[in-house]
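**Student:** Input: one structure, supplied below.
No lab work stands behind these numbers, since they all come straight from the coordinates. The shown structure was predicted, so the numbers you read here are calculated from the model rather than taken from an experiment. Virtual Cβ from ideal backbone geometry, glycine too; neighbours counted across all protein chains shown.
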């Protein structure tokens, strides 16, 4: 993708597991980097949970190849959290293409 397409500011977080004072493992997310991304809408799915209906969106995000992505990566964009479902490298443009889904909180 050409550089002009990266117009959205996103934050990339990785999961860290630490032990607290009681010996319990506590999961938290640490900010790894702020970067720019190209984002396009894929689909929206309807979900029923506890008698309430939610609509969760799925998006395709394109980031530069140097951005660290793994199975525990979370993306924060526009105040919402997204989990990475799948990703692959686009060798032609030296980018990473991510499929992300909104996280229910």
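**Student:** Using the basic label-point model (7 angstrom from Cα toward the beta carbon), what is the residue 103 to residue 89 distance in nanometres?
**Tutor:** So the two model labels end up 2.6 nm from each other.
**Student:** How are the alpha carbon pair distances in the chain distributed across 5 Å bins from zero to the largest one, expressed in percent?
**Tutor:** Computed distribution, short to long bins: 2, 11, 20, 22, 16, 12, 9, 5, 2, 0.
**Student:** If you don't mind, there's one more thing I want to ask. State the extension gain, in nm to one decimal, for the chain segment bounded by residue 31 and residue 11, taking 0.36 nm per residue of separation less the distance between their alpha-carbons.
**Tutor:** Net length gain for the segment: 6.5 nm.
**Student:** While we're looking at this one, here's another question. What FRET efficiency comes out for residue 65 versus residue 22 if R0 is 41 angstrom and r is the Cβ-Cβ distance? Round to the nearest 0.05.
**Tutor:** 0.50
**Student:** Taking other Cβ within 10 Å of each residue's Cβ, how do 17, 10 sort, fewest first?
**Tutor:** With the sparsest Cβ surroundings first, the list reads 17, 10.
**Student:** If one computes the Cα centroid of the stretch 14-42 and of the stretch 72-89, what distance in Å separates the two points?
**Tutor:** Cα centres, the stretch 14-42 to the stretch 72-89: 10 Å.
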